Amino acid sequence: MATTDTSIRSSCHCGAITLTVPRLPVYINVCQCTLCRRYGAAWGYYYTDEVKIETKPNAVTKQYIWGDKNLSFNFCDNCGCVCYWWPINPPSADGGEIEMGLNTNNANPELLKFVDRKFDYSVLKSPLGSKATPHADDPAKY
Ligand SMILES: [Zn+2]
């Protein structure tokens with residue numbers, strides 16, 4: 001058995017939705033945008049063709065889509081865990097590598113504890129509702 005297997009498996013709490021990727025993320029983004037702060041998500045970024053998604057027969061994946069609707073946030077309808085975000089209507093495969101986000105909080109922390117974590121608080125300073133920000137349609141209020 002190979003000892004160089006660096007694959008990561010992430011699963012929601014009830015085990016209905018599982019993602020497997022072949023490597024550690026380059027870094028983990030503990031995103032501080034108004035949505036991801038609420039999710040408590042810690043994203044690792046992968047190309048969509050690296051990701052294997054498995055769902056149990058009765059699993060239901062719910063989606064939250066907002067704003068410019070470029071991506072969906074996907075969570076388990078049973079246990080509520082946020083599993084991944086995925087691009088909507090991605091460009092054709094010959095247009096380059098297409099990125100997705102995997103919630104590394106659903107994976108074994110022992111495998112991820114030495115991966116750099118990024119906390120970008122600059123997005124906190126973006127005024128809600130400003131047309132000058134990428135979250136112009138953000139309905140979040142604190
Ligand atoms: Zn679940």
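Taking (1) surrounded by 15 or more Cβ atoms within 10 Å (Cβ to Cβ); (2) aliphatic (A, V, I, L, M); (3) more than 13 Å from the ligand (Cβ to nearest atom) in turn, Ala59 satisfies each apart from (3). Taking residues in region 12-25 that are small (Gly, Ala, Ser), and partners anywhere that are near the ligand (Cβ under 6 Å from one of its atoms), the pairs with Cβ atoms closer than 8 Å and at least 6 places apart or on different chains are Ala16/Cys76; Ala16/Asn78; Ala16/Cys79.
Which of the residues that make up region 30-64 are modelled with pLDDT under 95 and polar (S, T, N, Q)? Within region 30-64, Gln32, Thr34, Thr48, Asn58 meet the criteria. At pLDDT below 95, within 15 Å of the ligand (Cβ to nearest atom) and exposed (fewer than 15 other Cβ atoms within 10 Å of the Cβ), is that true of Asn89? Answer is no for this residue. Could you say whether any residue in region 73-83 is within 16 Å of the ligand (Cβ to nearest atom), touching an Asp or Glu at 6+ places or on another chain (Cβ under 9 Å) and of a type outside the set (D, E, K, R)? No, every residue in region 73-83 fails to be within 16 Å of the ligand (Cβ to nearest atom), touching an Asp or Glu at 6+ places or on another chain (Cβ under 9 Å) and of a type outside the set (D, E, K, R). Does region 45-52 contain at least one residue that is closer than 22 Å to Lys118 by Cα and crowded, with 18+ Cβ neighbours inside 10 Å? There is at least one residue in region 45-52 that is closer than 22 Å to Lys118 by Cα and crowded, with 18+ Cβ neighbours inside 10 Å.
For region 62-75, what are the residues that are on the phi < 0 side of the Ramachandran plot, surrounded by fewer than 16 Cβ atoms within 10 Å (Cβ to Cβ) and in contact (Cβ under 8 Å) with a residue 40 or more places away in the chain? Correct list: Trp66, Asp68.
Annotation: of all residues in region 1-43 being among the hydroxyl-bearing types (Ser, Thr, Tyr) and either crowded, with 16+ Cβ neighbours inside 10 Å or within 16 Å of the ligand (Cβ to nearest atom) (or both), the one that is farthest from Pro139 (Cα to Cα) is Thr20.
The values are calculated or read from the model by the stated rules, or taken from the named source; none is laboratory data. These numbers come from a predicted model, not from an experiment. Backbone-built Cβ (ideal geometry, glycine too); neighbour counts: all protein chains shown.
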